[in-house]
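No value in this document is a laboratory result; all are computed from the given coordinates. Keep in mind it's a predicted model, so treat the numbers as computed, not measured. A quick note on method: Cβ atoms are made from the backbone with ideal geometry, for glycine too, and the neighbour counts reach across all protein chains shown.
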Amino acid sequence: MNIEEEAKKFLREKNMSNITATEYQDNAKKTAIFPKEKALEYLALGLSSESGEVAGKMKKIIRAKSKLNKQDLGAEIGDVLWYCAVLASELGLNLGKIMENNIEKLHSRKARGVLGGSGDNR
Ligand SMILES: [Mg+2]
């Protein structure tokens, strides 16, 4: 079974709204093609580029050159997610654990009343 058939089989068998972070990360890695010796640089640039595409679509909406297309924006968010997942993999980090740590950090900041402040270590 080639990777496209494997992905389609996975999508058929899995309700994608219930995909876990680990399942997403594992599947994203299968489509990662880049020079290994420049992996971190490639992935960080890709993440920046894709988040820039989200920003660009929003900029065009502000200029009233286009209407908000949630599907298009969702696809760009998916591209950002792919780079997050594969960058985490390259660093040996679990995407689900990153998500968990982030939620814990934000809830702690909210509970301590410092959510709206600035600085990494609040
Ligand atoms: Mg994109």
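For the residue pairs LYS29/LYS97; LYS14/LYS97; LYS14/LYS70; LYS9/LYS30; LYS14/LYS38; LYS29/LYS65, the C-alpha atoms sit more than 25 angstrom apart in LYS14/LYS38; LYS29/LYS65.
Rg and Dmax of the range 14-122, based on Cα coordinates, read 16.4, 44 Å.
Under the simplified labelling scheme, the LYS36-ARG63 pair shows an inter-label distance of 4.2 nm, with each label point 7 Å from Cα along Cα→Cβ.
Considering only GLU13, GLU50, GLU23, the mean-square fluctuation computed in a Gaussian network model of the chain, springs between alpha carbons under 10 angstrom, is largest for GLU13. 3J(HN,Hα) along the range 60-66, derived from phi through the Karplus expression 6.51 cos²θ - 1.76 cosθ + 1.60 where θ = phi - 60°, amounts to 5, 5, 4, 6, 6, 7, 8 Hz, with x in place of Gly and Pro. Bridgeable aspartates and glutamates around LYS57 (alpha carbons under 12 Å apart, same-chain partners fewer than 8 residues away excluded): ASP72, GLU76. Among ARG112, ARG122, sorting on how many other beta-carbon atoms sit within 10 Å of each Cβ, with the fewest leading, yields ARG112, ARG122. Applying 0.36 nm per residue to the separation of ASP26 and VAL114 and subtracting their alpha-carbon distance, the gain on full extension is 28.2 nm.
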